[in-house]
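**Q** The following block contains the structure, expressed as C-alpha cells.
The values are calculated or read from the model by the stated rules, or taken from the named source; none is laboratory data. Remember, it's a predicted structure, so these values are computed and weren't measured experimentally. Neighbour counts run over all protein chains shown; Cβ positions are idealised from the backbone, glycine included.
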Amino acid sequence: MTIARLLLTLFLLASQLPAAGQSTAPPPACERSPYDGKAEAMPWTDRAAVSSVAARPAGRLLLWYRAPARDWYQALPIGNGRLGAMVFGGVADELLQLNEDTLWAGGPKDVANPDALKALPEVRKLLFEDRNVEATALADKSMMGRPSRIQSYQTLGEAYLECPGLGAITDYVRSLDLDTGIVSVAYTFEGVRYTRQLFASAPANVIVARFTASRRAAISLKMTLKRLKDAMVAPVPASHNAIVMSGQVTGTDGAKGMSLAAAALAVNDGGRVSNAGGVIDVEGANSVTLLITGATNYPGLGKGGPDTSIEPARVCAATLAKATSRPYDALVAAHVADHQRYFRRVTLTLGPANAGAEGLPTNERLDRFRKGQPDPSLAALYFQFGRYLLIASSRPGSMPANLQGLWAWKLENPWNADFHTNINLQMNYWLAEPTGLAELHVPLFDLMDSLVAPGGVTAKTQYGARGWVVHHLTDAWGFTAPADGVWGVWPMGAAWLARHPWEHYLYSGDVTFLRERAWPLMRGAARFVLDFLVEAPAGTPVAGRLVTSPSHSPENAFFMKDGITKTMFTYGATMDLEIVRDLLENCVAASRILGLDAAFREECEAALKRLAPIRISPASGRIMEWVEDYKEVEPHHRHTSHLYALHPASQIDPVRTPDLAEAARKTLQARGDEGTGWSLAWRICFWTRLLDGEHAHLLLTHLLSGKTLDNLFDTHPPFQIDGNFGATAAIAEMLLQSQWPDASTPVLHLLPALPRAWPMGSVSGLRAQGGFDVSATWMDGALTEARIHSARGGPVVVVVGAKTLRFDTKPGQTLTVGPDKSGRPQRSAATTR
Ligand code: FUC
C-alpha cells in the first residue's frame, strides 16, 4: 500500500469514528428509556456488530433472517392467545415487547345517547327528502355516543435484556418456526455458539425464553421490565430470582383504569442469580430459562369494571410458581404439542418449487418477489403464517383478535387497536372455519354475548328497538353507540357479526351450538333489524320497500344529485340491505332447523318479501352502492361494502345469479386493483368467489409485494392484522369453496379459482360447510385426487371443473374423487377411512 493510500484509509476510518466527547453507541438495553410510542415502527439498536452468512435453519415453514430486528416490523410475534411478545432477536441488547390481551384503558359506561330517539324521525325525514347535509348536522348533534370516543388497547411494556456480545458476532440467525411456534436466535461470539428459544406457552400461561451455549458457564445476562408510564419494577420480596412490574393504566382522558402487572423469573443451571433494583442478573450459568407473564384485573367480557379483588402481581406470582415446577423440556414439549394440535390440521404446498427463493432469508425472499420473481410457496408460507397468528392471538377464553391481533406497542395504538365491526373484526375470523381453527372462533362469540346487554340498551335508547345493536366499533367494555363521527351511525355491526355463529354451525352441523349460542345472538340481532327497518316513502326509488335509515356504505362518500355536495349519510345503502337479507334468511333457516320461534320466523319472512333489492346501475352496469346511482367521491375507495352479497354472504354467485355476478365484476374492475392491506384481502375473496383465479392471484401478488412487512405482517399501513387473516381465508377459498345455503345439501367446489401460477400443489385438512374435511392434490392445473371425509354423513354435491357429482355419505365415510384416463375427474368408489 502506498503512503498516500494508507493515509487515505486512516482518514476514512477516523472520519467514521464519533468526535471526541460524543458517543453514538446506544446505552446497554437495561439502561434505556421505555418506549414513548412516537416513532412509527419502534426502532431498536443492538450494540453488537453482527455479520452473517448463516445457512437457513432446519424446518419447513420458517420466517428467518440474518440480522436482529431493527424495528418492530422486523420483530417476530409469539402468543398464546392471551400473552404476546414481539421478539427483536438482539445479541448484546435483546428486546421483547409484551402484550396482555385484556389491557385496555377506560371502563364500562352507558354511552347511549337519549337524544337520538327524538331526532330519529326527523333525521329519516330529512334523508328521504334528500336533505342529507341537514340530516348529518342533526345526527352529529343528537345521535353520537356519549362519549363518542373509546380508549385504546395498550402495551403491557417491554422486557430489556443484555447479554455479552460486544465484539464480532458471526453466523447470526433468527427464525420463527410456524410448525412449532418457537422463535430461535443463534450466533457465535468468541468461539462460543449461543442459542435462544422463545415461545408463548398456552398450557403454562407464560412466555418462555431459554438461553444455552456451547461452553459451560458461558451464559450471563441482565433483564428488567419497563413501561413508559403507570408502572414500576421492583424485586419480588423474599426472592432472589424474580422481578415484578406493577401499575395502573390511565386513559387519554386522565381516568385511572385497570391494574396491571408483568413478572419475570430466572431458573438457572449453574452460576449465580440476583434481582437487586428490579434487574435480574445472571452470571456464569450453563443455561437459563426466563419465565415471563402478565396479568390485569379485567373482570372478563361483560362483567363490569376492573375487579379490585384481583391483584395482578399475585396472579403473576402464582402463574410463575406453577410454571417453575416444570422442567424446560416439559414446558417446551407441552407447548409444541398444544400448538401443533391446531397448526397441523392443515397442510399446503404450492408449486412449482423455487429452491432459490425458498433458501433465502424471508426479507430477501420478499424483495425478490417484489421484483417479479415467481415464488408460489411464499403464498403457502403466508397462508400458514395467518393460521399461526390466529392460534397465537385467539384461544378459547382469551379476548378476540383485535386490529393488531394482540401485538401492539403503544399506549395509544392506531384506531386504538380496537374491534372494528364494519369489516375488520369479521375479516379476522374468515379463516377460522375453513382452515381448521373452529375453536378459535369462540372468543368472537364470547364478545358478542357480552354486547347483547349494552347493545340492547343502545337499541332501546337510541332507536326504540328490540334486540341488540353494535355500530362500527367496540372495545373491551361493551361500547355499542355510534363513535368517531357521523359515519359511526351505522347500526349494522351486530347484524353482520351474527353471520359468524351461523357459519360456525354450517361448518360443524352442531345443532346444540346453533340452539344454545348462535340462535339467541342471531335472533337478537334480527329483532333489532326488524324494528329498525322503515318503509321508503313515495317519490324515492324504492318507494314502498323496506330500507334501513339512517345508513352508510362504510366508509365511502358520494356526490349528491347537484354534483357538488359531498355526503356519506343516506338511507338504504346496498350493504345494509344485503346484511339484512343475509341475517333474516339465516334466521329463517335456523328457526326451521331448530323448530323454534315460528312467529318470529314469519316476521322475518314478511320483512324479506318487502326488503329493497340489490340493484344494478343502468348507466354503469355495476352494483349500485346506494339507493340512487350516486357518483363516488373516491371511486377506488378501500371498502367495497356493496359486494357483501358476494362475500362473505352468498347471495351473488356466477351460477345462480349470473347478472349480479357480472355487475359485481364490473364493480370490482371500477374499484381497481390497489388498496390498503385488508382492502386487497377482501378483493381477493371477491375475485375468488367470481371464480377468477387469475385476478385473485394478481391481487395476492400486490398484497405480498406491496402491503407485507418484513415479518410478514400485513400493513394498512400501518400494521393491521385483518389483511393477514383475510388473505389466508382467500387462499383457502381459491382451493375450496363450500356453501350450504338452504341447510339441505352442501355444495363443495374443488379448486374453484386455481391460478396458472400454482399449476401443482396439495392441500389437506381444509374444512367445508356440512361437516367435511377436504384434501386434494393437483398437477398441470387439474385435480389429480381429492379425499372428502364426511363427519356427519348426508348428501353432498361436489363440483370439479365442469362436472357436478352427487354423493350420499355415511358418517365417518371418505369419498375419493379422481381423474379418469382423459384427465377429467370422475366419481370413484367411496371408501371408509
Ligand atoms: C376501517 C377502515 C380503515 C381502518 C379502520 C381500522 O374504518 O376504513 O381503513 O382499517 O377500519
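**Q** Is one or more of the residues making up segment 732-743 out of contact with any Pro (no Cβ under 7 Å at 6 or more places or on another chain), outside any loop (DSSP other than H, G, I, E, B) and closer than 30 Å to Val87 by Cα?
**A** No, segment 732-743 contains no residue that is out of contact with any Pro (no Cβ under 7 Å at 6 or more places or on another chain), outside any loop (DSSP other than H, G, I, E, B) and closer than 30 Å to Val87 by Cα.
**Q** Can Arg174 be described as crowded, with 24+ Cβ neighbours inside 10 Å and of a type in the set (Lys, Arg)? Steps first, answer last, please.
**A** Values: crowded, with 24+ Cβ neighbours inside 10 Å: yes; of a type in the set (Lys, Arg): yes.
Judged against the criteria, Arg174 is a match.
**Q** Here is a further query. Name, by its number, the condition in (1) within 15 Å of the ligand (Cβ to nearest atom); (2) at positive phi; (3) surrounded by fewer than 21 Cβ atoms within 10 Å (Cβ to Cβ); (4) not hydroxyl-bearing (Ser, Thr, Tyr) that does not hold for Pro414.
**A** All conditions are met except number (2).
Each row is one residue, and each column tells you yes or no for (1) farther than 30 Å from Glu364 by Cα; (2) touching a Cys at 6+ places or on another chain (Cβ under 9 Å); (3) β-branched (Val, Ile, Thr); (4) at pLDDT below 95.
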{"site": "Glu625", "(1), (2), (3), (4)": "yes, no, no, no"}
{"site": "Tyr630", "(1), (2), (3), (4)": "yes, no, no, no"}
{"site": "Arg638", "(1), (2), (3), (4)": "no, no, no, no"}
{"site": "Ala645", "(1), (2), (3), (4)": "yes, no, no, no"}
{"site": "Pro648", "(1), (2), (3), (4)": "yes, yes, no, no"}
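**Q** Looking only at segment 109-119, decide whether some residue is of a type in the set (Val, Ile, Thr) and over 34 Å from the mean Cα position of the chain (by Cα). Break it down stepwise before answering.
**A** To start, the set of residues in segment 109-119 that are of a type in the set (Val, Ile, Thr) comprises 111.
Now drop any that are not over 34 Å from the mean Cα position of the chain (by Cα), which leaves none.
For segment 109-119, residues of a type in the set (Val, Ile, Thr) and over 34 Å from the mean Cα position of the chain (by Cα): absent.
**Q** Scanning for something surrounded by fewer than 23 Cβ atoms within 10 Å (Cβ to Cβ) and touching a strand residue (DSSP E or B) at 6+ places or on another chain (Cβ under 8 Å), does segment 112-123 turn up at least one residue?
**A** No, segment 112-123 has no match at all.
**Q** Another one. Using the structure shown, decide if Leu260 is under 30 Å from Ala217 (Cα atoms) and surrounded by 22 or more Cβ atoms within 10 Å (Cβ to Cβ).
**A** On the way: under 30 Å from Ala217 (Cα atoms): no; surrounded by 22 or more Cβ atoms within 10 Å (Cβ to Cβ): yes.
Judged against the criteria, Leu260 is not a match.
**Q** So which residues in segment 445-471 are within 16 Å of the ligand (Cβ to nearest atom) and farther than 17 Å from Tyr571 by Cβ, if there are any at all?
**A** Val470
**Q** When you look at Thr777, is it in contact (Cβ under 8 Å) with a residue 24 or more places away in the chain and of a type in the set (Val, Ile, Thr), yes or no? Steps first, please.
**A** Values: in contact (Cβ under 8 Å) with a residue 24 or more places away in the chain: no; of a type in the set (Val, Ile, Thr): yes.
So Thr777 fails the test.
**Q** Tell me, which strands (runs of 3 or more DSSP E) wholly within segment 256-350 include 3 or more residues that are among the charged types (D, E, K, R) and under 29 Å from the mean Cα position of the chain (by Cα)? I'd like the intermediate steps shown before the answer.
**A** Working: elements: 256-269, 272-274, 280-285, 287-296.
Once the strands (runs of 3 or more DSSP E) in segment 256-350 are filtered for at least 3 residues that are among the charged types (D, E, K, R) and under 29 Å from the mean Cα position of the chain (by Cα), nothing remains.
**Q** Six or more apart or on different chains, Cβ atoms under 9 Å: show the pairs whose first residue is in segment 620-647 and part of a helix (DSSP H, G or I) and whose second is hydrophobic (A, V, I, L, M, F, W, C) and within 14 Å of the ligand (Cβ to nearest atom).
**A** As it stands, the answer is Ser641/Ile423; Ser641/Met575; His642/Met575; Leu643/Met575; Leu643/Trp682, since those pairs meet every condition given.
**Q** If you don't mind, there's one more thing I want to ask. Would you check if Ile684 is within 16 Å of Asp576 (Cα to Cα), crowded, with 22+ Cβ neighbours inside 10 Å and of a type in the set (A, V, I, L, M)?
**A** Details: within 16 Å of Asp576 (Cα to Cα): no; crowded, with 22+ Cβ neighbours inside 10 Å: yes; of a type in the set (A, V, I, L, M): yes.
Criteria not met by Ile684.
**Q** Quick check on segment 518-535. Is at least one of its residues buried (at least 19 other Cβ atoms within 10 Å of the Cβ), part of a loop (DSSP other than H, G, I, E, B) and touching a Ser or Thr at 6+ places or on another chain (Cβ under 8 Å)?
**A** Yes; the residues of segment 518-535 include at least one that is buried (at least 19 other Cβ atoms within 10 Å of the Cβ), part of a loop (DSSP other than H, G, I, E, B) and touching a Ser or Thr at 6+ places or on another chain (Cβ under 8 Å).
**Q** Something else: Given the residues Ala483, Ala459, Ala526, Ala498, which is the only one that is small (Gly, Ala, Ser), modelled with pLDDT of 95 or more and closer than 21 Å to Leu440 by Cβ? If you could, list the steps in order and put the result at the bottom.
**A** Working: Ala483 fails: closer than 21 Å to Leu440 by Cβ; Ala459 fails: closer than 21 Å to Leu440 by Cβ; Ala526 fails: closer than 21 Å to Leu440 by Cβ.
Testing whether each residue is small (Gly, Ala, Ser), modelled with pLDDT of 95 or more and closer than 21 Å to Leu440 by Cβ leaves just Ala498.
**Q** Could we say that Thr708 is crowded, with 18+ Cβ neighbours inside 10 Å, of a type in the set (Val, Ile, Thr), touching a strand residue (DSSP E or B) at 6+ places or on another chain (Cβ under 7 Å) and at pLDDT 95 or above here? Full working, then the answer.
**A** Working: crowded, with 18+ Cβ neighbours inside 10 Å: yes; of a type in the set (Val, Ile, Thr): yes; touching a strand residue (DSSP E or B) at 6+ places or on another chain (Cβ under 7 Å): yes; at pLDDT 95 or above: yes.
Yes.
**Q** Restricting the first residue to segment 340-357 and requiring it to be hydroxyl-bearing (Ser, Thr, Tyr), which pairs with a second residue that is surrounded by 13 or more Cβ atoms within 10 Å (Cβ to Cβ) and in a strand (DSSP E or B) meet a Cβ separation below 8 Å and a spacing of at least six or different chains?
**A** Taking only residues 6 or more apart or on different chains, the pairs are Thr347/Ser762; Thr347/Val763; Thr347/Ser764; Thr347/Gly765; Thr349/Gly761; Thr349/Ser762; Thr349/Val763.
**Q** Moving on. List every residue pair whose Cβ atoms lie under 7 Å apart, where the two residues are 6 or more positions apart in sequence or sit on different chains, the first residue falls within segment 415-430 and is under 12 Å from Gly488 (Cβ atoms), and the second residue, located anywhere, is more than 9 Å from the ligand (Cβ to nearest atom) and in a helix (DSSP H, G or I).
**A** If the second residue must be more than 9 Å from the ligand (Cβ to nearest atom) and in a helix (DSSP H, G or I), the pairs left are Thr421/Gly493; Thr421/Trp496; Thr421/Leu497; Asn422/Gly493.
**Q** Also, I was wondering about something else. Assess whether Leu403 counts as being under 20 Å from Ala75 (Cβ atoms), within 16 Å of the ligand (Cβ to nearest atom) and at pLDDT 95 or above.
**A** Details: under 20 Å from Ala75 (Cβ atoms): yes; within 16 Å of the ligand (Cβ to nearest atom): yes; at pLDDT 95 or above: yes.
Criteria met by Leu403.
**Q** Hey, another quick one. Filter segment 649-683 down to the residues that are within 16 Å of the ligand (Cβ to nearest atom) and part of a loop (DSSP other than H, G, I, E, B), then identify the one that is nearest to Pro613 (Cα to Cα). Quick ask: steps written out before the conclusion?
**A** Applying the first criterion (within 16 Å of the ligand (Cβ to nearest atom)) to segment 649-683 yields 671-672, 674-683.
Subsequent filtering for residues that are part of a loop (DSSP other than H, G, I, E, B) retains 672, 674-676.
Numbers: Gly672: 25, Glu674: 29, Gly675: 28, Thr676: 29 Å.
Across segment 649-683, the extreme among qualifying residues is Gly672.
**Q** Please identify the pairs in which a residue from segment 158-179 that is aromatic (Phe, Trp, Tyr) has its Cβ atom under 8 Å from the Cβ atom of a residue that is in a loop (DSSP other than H, G, I, E, B), counting only partners at least 6 apart or on another chain.
**A** Note: pairs meeting the criteria are Tyr160/Arg32; Tyr172/Ser51; Tyr172/Ser52; Tyr172/Ala54; Tyr172/Arg66; Tyr172/Ala67; Tyr172/Pro68; Tyr172/Val91.
**Q** Those residues that are under 20 Å from Ser620 (Cα atoms) and of a type in the set (Phe, Trp, Tyr), I need them from segment 662-688; list them, please. Steps first, answer last, please.
**A** Residues of segment 662-688 that are under 20 Å from Ser620 (Cα atoms), as a first pass: 662-673, 683, 686-687.
The answer is Phe686, Trp687.
**Q** Of the residues that sit in segment 553-599 and are within 16 Å of the ligand (Cβ to nearest atom) and among the polar types (S, T, N, Q), which one is surrounded by the fewest Cβ atoms within 10 Å (Cβ to Cβ)?
**A** Only one residue tops the list, namely Asn556.
**Q** Restricting attention to segment 397-404, does a residue exist that is free of Cβ contacts under 8 Å to residues at least 40 places away in the same chain and surrounded by fewer than 21 Cβ atoms within 10 Å (Cβ to Cβ)?
**A** Scanning segment 397-404, I find no residue that is free of Cβ contacts under 8 Å to residues at least 40 places away in the same chain and surrounded by fewer than 21 Cβ atoms within 10 Å (Cβ to Cβ), so the answer is no.
**Q** Please determine whether any residue of segment 703-723 is part of a helix (DSSP H, G or I), more than 16 Å from the ligand (Cβ to nearest atom) and within 22 Å of the chain's Cα centre (by Cα). Can you show your working first?
**A** Step one: list which residues in segment 703-723 are part of a helix (DSSP H, G or I), which gives 703-706, 722-723.
Filter once more, so that each one left must be more than 16 Å from the ligand (Cβ to nearest atom): 704-705.
Next cut, within 22 Å of the chain's Cα centre (by Cα) only: 704-705.
For segment 703-723, residues part of a helix (DSSP H, G or I), more than 16 Å from the ligand (Cβ to nearest atom) and within 22 Å of the chain's Cα centre (by Cα): present.
**Q** Evaluate the following for Val123: is it aliphatic (A, V, I, L, M) and touching a Gly at 6+ places or on another chain (Cβ under 6 Å)? Talk me through it step by step, then tell me what you get.
**A** Details: aliphatic (A, V, I, L, M): yes; touching a Gly at 6+ places or on another chain (Cβ under 6 Å): no.
It is false that Val123 is aliphatic (A, V, I, L, M) and touching a Gly at 6+ places or on another chain (Cβ under 6 Å).
**Q** Where in segment 754-805 are there strands (runs of 3 or more DSSP E), lying wholly inside it, with at least 1 residues that are touching a Phe, Trp or Tyr at 6+ places or on another chain (Cβ under 8 Å)?
**A** Details: elements: 760-768, 772-779, 782-790, 794-800.
Those strands (runs of 3 or more DSSP E) span 760-768, 782-790, 794-800.
**Q** Look at His749 and say whether it is in contact (Cβ under 8 Å) with a residue 40 or more places away in the chain, over 22 Å from Tyr388 (Cβ atoms) and surrounded by 19 or more Cβ atoms within 10 Å (Cβ to Cβ). Don't jump to the end; show me each part of the working.
**A** Numbers: in contact (Cβ under 8 Å) with a residue 40 or more places away in the chain: yes; over 22 Å from Tyr388 (Cβ atoms): yes; surrounded by 19 or more Cβ atoms within 10 Å (Cβ to Cβ): yes.
Against the criterion (in contact (Cβ under 8 Å) with a residue 40 or more places away in the chain, over 22 Å from Tyr388 (Cβ atoms) and surrounded by 19 or more Cβ atoms within 10 Å (Cβ to Cβ)), His749 qualifies.
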